[in-house]
Structures are given as structure tokens and as C-alpha cells.
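The values are calculated or read from the model by the stated rules, or taken from the named source; none is laboratory data. Since we're looking at a predicted model, the values are computed, not measured. Cβ placement follows ideal geometry from the backbone for every residue including glycine, while neighbour counts extend to all protein chains displayed. Just so you know, the surface numbers come from the protein's heavy atoms only, side chains and all, with ligands and any DNA or RNA stripped out. Shrake-Rupley method; radii C 1.70, N 1.55, O 1.52, S 1.80 Å.
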Amino acid sequence: MADNSIKIFTGNSHPELAKLVANRIGIDLAKAVVMKYSNQETSVTIGESVRDEDVFIIQSGCGEINDNLMELLIMINACKTASARRITAVIPCFPYARQDKKDKSRAPITAKLTANMLTVAGANHVITMDLHASQIQGFFNVPVDNLYCEPSMIKYISTQIPNWKNALIVSPDAGGAKRATSIADRLNLDFALIHKERKRANEVSRMVLVGDVRGKIAILVDDMADTCGTLGLAAKTLVENGAEKVYAIVAHGILSGKAIKVINESVIEKLVVTNTIPHEDKMAICPKLDVIDISPTLAEAIRRTHNGESVSYLFSHVPE
């Protein structure tokens with residue numbers, strides 16, 4: 001057991017999740033004031049001593065991404081200069097995770113820049129969930145624990161989707177095939193894949209289904225849903241190919257732009273997202289939206305990290 005205590009701080013990106021995590025661990029959130037001056041500079045005041053403590057800062061990459069990232073960097077640095085023993089950045093949805101390779105000339109690898117900034121600010125350890133590409137862990141020179149929403153998704157499918165044994169797991173693109181096959185294997189279900197051709201970013205031109213979905217419930221699985229163009233088109237393709245119902249389960253529901261309109265007008269029965277990103281406002285205008293709470297997984301990861309226990313149990317189990 002560690003001889004120091006856990007201090008959990010949160011910025012303004014997702015205080016609800018931080019409260020759930022703190023409640024689960026059985027402590028109060030540590031005091032901090034994070035605000036903006038009138039000239040839009042971010043101001044951080046840490047309201048209690050963190051000397052020699054184990055600090056965890058929960059801040060997700062969503063909403064005003066750049067403001068939230070800056071808040072996180074300043075909070076890490078404030079705790080570092082206040083002599084915290086260890087600072088862990090808990091980033092449920094990692095910002096800039098899609099800018100992880102040079103896919104065209106002169107493209108910046110912003111995920112690497114973000115990793116550098118976190119390390120330079122003073123983060124000793126990073127906990128994140130469902131990275132867009134797991135190689136991003138290699139961008140850091142400090143330990144990174146990439147947790148998975150998969151166990152929570154499996155639990156949801158087997159408890160909340162009626163007649164799920166007649167289902168089929170579908171990946172909306174080749175990149176997500178590994179994730180989808182992993183879930184299909186653990187549930188002992190079949191698997192199908194949709195091949196999509198993009199003309200430009202966020203726009204899909206044509207979709208081809210590989211696999212037989214006739215008379216089945218199709219469950220689309222992906223790591224993030226942004227404008228939901230892919231999911232809407234994929235669901236339409238599945239129904240045209242004879243699927244009875246279509247559900248979509250996504251780790252990070254970014255839901256920007258016209259996403260809610262696309263989902264409401266689509267043939268998707270339910271879009272299930274996790275609360276790595278706050279969705280309270282969107283749930284009011286999208287009755288198809290359902291949320292899985294992943295705070296128990298984060299809380300257990302924090303507890304195990306603090307006590308020096310292995311975190312790998314969480315890769316395949318949901319904490320009770």
C-alpha cells in the first residue's frame with residue numbers, strides 16, 4: 001500500500017465524470033479553481049497542498065479542445081511546481097489522436113506534439129481510453145495505460161440488447177476490424193465488415209458490405225463517432241442488405257456538426273456511447289442516444305495505479 005494519498009483534480013472539460021470517479025474511490029474531489037481571465041488566458045489555482053501526494057488530473061479532449069488541453073497542461077505544471085510526488089494525466093478521450101501519422105505531405109503529427117507537451121508540463125504517467133491508434137503510446141517517454149471500453153460494451157450487448165444471440169458484429173471500416181472481431185469472438189457471434197471509400201475527410205462516397213446480415217440484428221462497433229456520416233451510411237447499407245435492426249456502439253461519441261440530425265434521421269435503433277465525453281445536452285434532443293458509464297473502470301485503474309497493482313485485469317473485465 002502507498003504511504004501517501006490520492007488527490008483527484010478536474011478541469012472544466014468533464015467535471016461530472018471526475019465526480020463519479022471520486023465517489024467510486026470514496027474520496028472528495030481536490031479543490032482547484034480553473035477559469036479564464038477576460039483576455040481569455042487560462043488561470044489555475046490549486047486550492048490545497050499536494051506536496052508528496054499522488055495526483056490524478058481528469059480532463060477529457062472534448063468540447064473546446066484547445067482550452068481543455070491548455071487547462072490540463074497548466075494544472076499538471078502547477079502540481080509539479082507544488083512538489084507532487086507523481087502526476088497522472090487521466091485523459092478519457094485523447095485530443096488530436098486522429099493526427100497520428102503523415103498521411104499526406106507536410107501533415108503534422110499533432111498527437112506526438114500533444115504527448116511532448118504533456119511530458120514537458122510534468123506528467124509522470126498517462127491513463128487514457130481506447131486510443132484511436134495504440135501506437136500513440138509510443139509517442140510518450142512516460143508509461144501510458146490505454147484502457148478499453150470493450151468489456152463495458154460486451155456487458156451492454158449481453159444485458160441491454162434483446163435477442164442479442166441473433167446478432168452480428170459489424171465494423172464500419174477495415175481499420176476497426178480488430179476491435180470488432182475481438183468483441184465478436186468474446187460473445188461467440190459472427191462478424192461482417194464494411195469497406196468505405198472516402199473522397200475527402202469526413203465524407204464517405206461509397207460502401208460495400210462483406211458478410212451476410214440477412215435476418216440478423218447488426219451491431220456496428222467503432223472507436224469514435226464524430227459527424228456520424230459513416231455510421232448513418234453504414235446502417236443504411238446494412239438494412240438494404242437485409243439486417244433486421246441496427247445498433248451502434250461507440251467508445252467516444254464526439255457527435256459534432258450535424259451528428260444528432262444524422263442519427264435521428266437514420267435507421268439506427270440506438271446509438272450507444274460511453275461517458276468519456278459529456279452528453280447530457282445531446283441526450284435531451286436525441287432519444288436514440290444511450291450512455292455506458294465507464295467511471296468504474298477509470299476509478300479502479302486509479303486505485304490500482306496508486307497501490308502499485310496490475311491494471312491488465314481491466315482489459316478484459318468490468319469492475320463490479
Next item on the list: Of the numbered conditions (1) among the β-branched types (Val, Ile, Thr); (2) at pLDDT 95 or above; (3) under 17 Å from residue 176 (Cα atoms), residue 276 fails exactly one; give the number of that condition.
Entry: (3)
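Can you tell me which residue is surrounded by the most Cβ atoms within 10 Å (Cβ to Cβ) among those in the range 232-251 that are touching an Asp or Glu at 6+ places or on another chain (Cβ under 7 Å) and within 19 Å of residue 181 (Cα to Cα)? Quick ask: steps written out before the conclusion?
First pass over the range 232-251, keeping only residues touching an Asp or Glu at 6+ places or on another chain (Cβ under 7 Å): 245-247, 250-251.
The next check asks that each one be within 19 Å of residue 181 (Cα to Cα); those that pass are 246-247, 250-251.
Numbers: 246: 25, 247: 24, 250: 25, 251: 27.
Filtering first and then ranking leaves 251.
Quick check on residue 293: is it under 29 Å from residue 126 (Cβ atoms), open to solvent by 30 Å² or more (accessible area, probe 1.4 Å) and of a type in the set (Asp, Glu)?
Numbers: under 29 Å from residue 126 (Cβ atoms): yes; open to solvent by 30 Å² or more (accessible area, probe 1.4 Å): yes; of a type in the set (Asp, Glu): yes.
Criteria met by residue 293.
Answer yes if at least one residue in the range 211-219 is open to solvent by less than 40 Å² (accessible area, probe 1.4 Å) and closer than 21 Å to residue 62 by Cβ, and no otherwise. Steps first, answer last, please.
Taking the range 211-219 as the starting set, the residues that turn out to be open to solvent by less than 40 Å² (accessible area, probe 1.4 Å) are 213, 215, 217-219.
Then keep just the ones that are closer than 21 Å to residue 62 by Cβ; that gives none.
Taking every residue of the range 211-219 in turn, none turns out to be open to solvent by less than 40 Å² (accessible area, probe 1.4 Å) and closer than 21 Å to residue 62 by Cβ.
Would you kindly identify the strands (runs of 3 or more DSSP E) lying entirely within the range 12-89 that contain at least 3 residues that are under 22 Å from residue 143 (Cβ atoms) and touching a residue at least 12 places away in the same chain (Cβ under 8 Å)?
Numbers: elements: 32-36, 42-46, 54-58.
Because the criterion is at least 3 residues that are under 22 Å from residue 143 (Cβ atoms) and touching a residue at least 12 places away in the same chain (Cβ under 8 Å), the strands (runs of 3 or more DSSP E) in the range 12-89 that meet it are 54-58.
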Note to self: Suppose we filter the range 1-19 for residues that are among the hydrophobic types (A, V, I, L, M, F, W, C) and surrounded by fewer than 19 Cβ atoms within 10 Å (Cβ to Cβ); how many remain?
What the structure shows: 2
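If a residue counts only when it is within 18 Å of the chain's Cα centre (by Cα) and within 23 Å of residue 195 (Cβ to Cβ), which strands (runs of 3 or more DSSP E) contained entirely in the range 205-320 have at least 1 such residues? Outline the logic, then answer.
Details: elements: 217-225, 245-253, 268-274, 289-292.
Per the criteria, 217-225, 245-253, 268-274.
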Next item on the list: Answer with yes or no whether residue 115 is in contact with a helix residue (DSSP H, G or I) (Cβ under 6 Å, 6 or more places away or on another chain), small (Gly, Ala, Ser), part of a helix (DSSP H, G or I) and under 24 Å from residue 67 (Cα atoms).
Entry: yes
